[in-house]
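The values are calculated or read from the model by the stated rules, or taken from the named source; none is laboratory data. Values in this document were obtained by computation on a predicted structure and should not be read as measured data. Glycine also receives a Cβ, built like all others from the backbone with ideal geometry; neighbour counts cover every protein chain displayed.
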Amino acid sequence: MRINHHFIFWVLPLVVYAITSCVTRPDFPIEPEIEFVSMDGNQMVQNSFNTDSIRVTFSFTDGDGDLGDKDSLNIFIRDNRDQFVASKYRLPELPPEGAQRGVRGEITVTIYTTCCIFPDGTPPCQASLAYPTDTLRYEIYIRDRAGHVSNTIQTDPIIILCQ
């Protein structure tokens, strides 16, 4: 069987073009957006050292693909009890999914334990019979290289054992 060269020259490129043009560009806003995905636990024993931790996973999108920076901190985790930024992380620069395309993915961070905050003014990180537990949520947001700040998400409640 003989292959028609006109078929290969004209039809094959049209088929390839039709298939590749069907791939749509992600339609993400230029500001990063994040969404809570999961946590691997919901309680930690209080301590001022990194003796206990919880891993938190969240997803992200960024329309102009300018997430990550080797020189700047760009993931921020804030304790909702006192609004203190408890942890800052550096996300390495991410390559966009194509020329002028956005990026998306998941990030997992390890958040180390903290101290209980007592309503009666007892110094933090003390054992307390009156207040055996404390509860907090972490608020998480990210910033891209252009300075756009994402929405803020919250973790599920985390119980701190005040032992």
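Within the set Asp66, Asp144, Asp120, the sole residue that is of a type outside the set (Lys, Arg) and in contact with a strand residue (DSSP E or B) (Cβ under 7 Å, 6 or more places away or on another chain) turns out to be Asp144.
Reported count of residues in region 121-163, each being of a type in the set (S, T, N, Q), at pLDDT 95 or above and either more than 17 Å from Phe84 (Cβ to Cβ) or surrounded by 16 or more Cβ atoms within 10 Å (Cβ to Cβ) (or both), is 4.
Among the residues of region 25-39, which ones are modelled with pLDDT of 95 or more and farther than 11 Å from Arg143 by Cα? Those that are modelled with pLDDT of 95 or more and farther than 11 Å from Arg143 by Cα: Glu35, Phe36, Val37, Ser38, Met39. Please tell me if Tyr112 is of a type in the set (Ser, Thr, Tyr), in contact with a strand residue (DSSP E or B) (Cβ under 6 Å, 6 or more places away or on another chain) and under 16 Å from Gln83 (Cα atoms). Considered against the rule, which asks whether it is of a type in the set (Ser, Thr, Tyr), in contact with a strand residue (DSSP E or B) (Cβ under 6 Å, 6 or more places away or on another chain) and under 16 Å from Gln83 (Cα atoms), Tyr112 comes out as no. Within region 37-53, the residues that satisfy the criterion of being in a strand (DSSP E or B) and more than 21 Å from Gln126 (Cα to Cα) are Val37, Ser38, Met39. Test Glu93 against the stated conditions and say whether it is under 19 Å from Glu33 (Cβ atoms), acidic (Asp, Glu), assigned to a strand (DSSP E or B) and touching a residue at least 12 places away in the same chain (Cβ under 8 Å). Answer is no for this residue.
The residues of region 107-163 that are of a type outside the set (Phe, Trp, Tyr), within 16 Å of the chain's Cα centre (by Cα) and part of a strand (DSSP E or B), listed by number, are Ile107, Thr108, Val109, Thr110, Ile111, Glu139, Ile140, Ile142, Arg143, Val149, Ile153, Gln154. For region 55-85: of the residues being among the polar types (S, T, N, Q) and either touching a residue at least 60 places away in the same chain (Cβ under 8 Å) or part of a loop (DSSP other than H, G, I, E, B) (or both), which is surrounded by the fewest Cβ atoms within 10 Å (Cβ to Cβ)? This residue is Gln83.
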